[in-house]
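Peer 1: What follows is a single structure, and I will ask about it in a moment.
What follows is calculated from the coordinates using simple rules that are stated; it is not laboratory data. None of the values given here were measured: they were computed from a predicted structure. A quick note on method: Cβ atoms are made from the backbone with ideal geometry, for glycine too, and the neighbour counts reach across all protein chains shown.
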Ligand code: UDP
Ligand code: MG
C-alpha cells in the first residue's frame, strides 16, 4: 500500500440541485485534503441539476477539480458510477455533497485502507434530523435484507466509503442498470471494515428522498439482491392449496354425513377473496422481477456525458 505522496486519492461527489451546499462542501473538503500527504482529485458529477450546480462546480478555481456533466438526471446510483468510471486514484472516496457525510472522516478511512482493507465504509452511529418513521423503516429494511441474503449488506451505512483500486475495478464490471449500490459494494467481497461516525442533518437544501422514493429504493434493493419474495409466493401457494384440500375433505365429509343445507356463503366469499388477493400479489411480485429483467435485457449504457473536464493535478504529478 503506498504511503507517500506518490499516490492519488479520488473523491467522487454526485450532486443533484446542490447549489446551496456545494461551496461550503468544497471548502470543508479541500481543508481536509490539504492535510493529506497525497495528491488528490475531486470528481464532481452533475446529475442533471436544474439549478446552478454545474456553474458552481465549474467555478471552483482548483486544479484538482474534475467536472462530469451527465446528459440528464440519472439518479444518485448512476451518477456515482459515472464518477467511479472516471476516477484515476489508487483509492476512491464516495461522498454526498450535502455534508451529511463529514469529509473530516477521510483520513481515518485512508488509515484503514493502508492497513490493507479494500472497502472502508462509514457506519453512522446516530441519525440526527431524520423522522422516527424514516429511522424505523430503514431498520426494518435492513433487517429483511440481512435475513434473506447470503451477501451481508452492512446496516446503517450510506454510500460514504473508501474503495481500493481493485475494488473499483471490480465494481466497474457490474453494469446492471438496476443499481443498488450498497448491495454491489458488499457483493464484490474483499476485506471490508466499518468506521463509525455521527451522521449530521443536511447542511442546506432538501433531501431528494420522499417516502415513495424510499419505498422504491427498498424494492430495488430487495428485488436486485434476492429472489426470496418469489419463493415466498411459492410456499404461500403450497400452504393455501394444502389448507383448501383439507377443508374440501371436511366439506365432503360434512355433506355426506349431515346432508347439504345451503350454508357457508360468508366462508366461501372469504376464501375466494383471500385466494384472489394472494394470486394478485404473487403476480405483482413476479411482475417486479420481470420488469427488471426487461430493463436489463435492453443492455443500454448506464449514462451519457454531456461534458467532461478532467482534473489537471494528476498530469502534473506524472
Ligand atoms: N443525488 C444525485 N442524483 C439524484 C439524487 C441525489 O446525484 O437524483 C445526490 C445528492 O446531490 C447528494 C446525494 O446524492 O449529494 C445524496 O442525496 P440526498 O441527500 O438527497 O439523499 P439522503 O442523504 O437523504 O439519503
Ligand atoms: Mg443527504
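Peer 1: Under a GNM of the chain (C-alpha, springs under 10 Å), which listed residue has the highest mean-square fluctuation: 44, 258, 190?
Peer 2: Comparing 44, 258, 190 in the GNM, the peak value goes to 258.
Peer 1: Another one. Just subtract the alpha-carbon distance of residue 140 and residue 256 from 0.36 nm times their residue separation and send over the number in nm, one decimal. Don't skip to the end; give the middle numbers.
Peer 2: Numbers: separation 116, 0.36 × 116 = 41.76 nm, distance 4.94 nm.
Fully extending the segment from residue 140 to residue 256 adds 36.8 nm.
Peer 1: Moving to a separate point now. Between residue 309 and residue 73, what length in nm is gained on full extension when 0.36 nm per residue of separation is reduced by their alpha carbon distance? Display every interim value, and only then the final one.
Peer 2: On the way: separation 236, 0.36 × 236 = 84.96 nm, distance 1.85 nm.
In short, 83.1 nm is gained.
Peer 1: How do 32, 65, 94 line up, fewest other C-beta atoms within 10 Å first?
Peer 2: Fewest-to-most ranking of 32, 65, 94: 32, 65, 94.
Peer 1: Only bridges whose two residues both fall in the chain count here: according to DSSP, what percent of them are antiparallel, nearest 5?
Peer 2: If I count the DSSP bridges inside the chain, around 30 percent turn out antiparallel.
Peer 1: Using label points projected 7 Å from each Cα along Cα→Cβ, tell me how many nm separate residue 34 and residue 296, to one decimal.
Peer 2: Inter-label distance under the simple model: 4.8 nm.
Peer 1: Pick out which of 275, 219, 256 has the largest mean-square fluctuation in a Gaussian network model of the chain, springs linking Cα atoms closer than 10 Å.
Peer 2: 256
Peer 1: Same structure, new question: With the chain treated as a Gaussian network of Cα nodes joined by springs under 10 Å, which of 121, 294, 60 yields the largest mean-square fluctuation?
Peer 2: Result: 294 has the largest fluctuation of those listed.
Peer 1: To make sure I understand, if each residue's beta carbon is the centre and we count other beta carbons within 10 Å, what order do 101, 85 fall in, fewest to most?
Peer 2: Placing the least packed residue first, the sequence is 85, 101.
Peer 1: So, one more: For n ≥ 4 DSSP H runs only, could you compute -39500 (n - 2.57) per run for the chain, divide by its residues and tell me the 222 nm figure to the nearest 500? Before the final figure, lay out the partial values.
Peer 2: Working: 11 runs with 156 residues, N = 318.
The per-residue figure over the chain is -16000 deg cm²/dmol.
Peer 1: Can you give me the angle between helix 211-225 and the longest principal axis of the chain, using Cα atoms only, in degrees from 0 to 90, rounded to the nearest 10?
Peer 2: With both axes taken from Cα atoms, the answer is about 80 degrees.
Peer 1: What do you get for the angle between helix 22-34 and the principal long axis of the chain? Use alpha-carbon atoms, 0 to 90 degrees, nearest ten.
Peer 2: 60 degrees
Peer 1: Note the full-extension length gain between residue 273 and residue 239 as 0.36 nm times their separation in residues minus their Cα-Cα distance, in nm to one decimal. Write out the running numbers ahead of the final one.
Peer 2: Working: separation 34, 0.36 × 34 = 12.24 nm, distance 1.62 nm.
10.6 nm is the gain from fully extending residue 273 to residue 239.
Peer 1: Compute the separation of the alpha-carbon centres of segment 1-57 and segment 274-309 and state it in Å as a whole number.
Peer 2: 33 Å
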